[in-house]
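Since every read-out is calculated from the coordinates, none of them should be taken as a lab result. For clarity, every value in this text was computed on a predicted model and none was experimentally measured. Cβ placement follows ideal geometry from the backbone for every residue including glycine, while neighbour counts extend to all protein chains displayed.
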């Protein structure tokens, strides 16, 4: 079990940059790591990770633990949605439902607008929003701007944790 004191003995965290550096020399399979070396590798999901005390931790959770001295009860949300930006000002504790309010545009999105898809059947833009694990239809619109506005208004009203589009 990683302790707060051991974490601070072996790693330095710069809250203004979000960067962890090693304070001690470490031996690893590929050779040694010198003090001052940035501690990080990136997961397939795009999160910075750090191996310490024979465990692998995400850097955002380590940053929270480093600064506050306790592990977060829930998830840690990157406010600006950049998974590698681990500045403490960019991190906040969030439930799963809250974290889902702060997602990026899906790679499969073809409209270029979050919450808006083209409905081939009606030949209109369909706006929808997810809230508390439920999809809420917002309507079908001739103009994509109207669909975009419907989503933005619903997001402000329903996503109080992260109301920005």
Placing each pseudo-label 7 Å from Cα in the direction of the beta carbon, residue 14 and residue 131 end up separated by a distance in nanometres of 4.2
Per the Kirkwood formula over distinct C-alpha pairs, the hydrodynamic radius of region 1-129 in angstrom is 16.8
In degrees, nearest 10, the alpha-carbon axis of helix 59-68 is tilted away from the dominant principal axis of the alpha carbons of the chain by 70
Taking r as the C-beta separation of residue 142 and residue 95 and R0 as 30 Å, the FRET efficiency to the nearest 0.05 is 0.20
Placing each pseudo-label 7 Å from Cα in the direction of the beta carbon, residue 41 and residue 118 end up separated by a distance in nanometres of 4.3
For the residue 21, residue 104 Cβ pair and Förster radius 22 Å, calculated FRET efficiency rounded to 0.05 is 0.20
Taking Cα atoms, the helix 144-158 axis meets the longest principal axis of the chain at an angle in degrees (rounded to 10) of 60
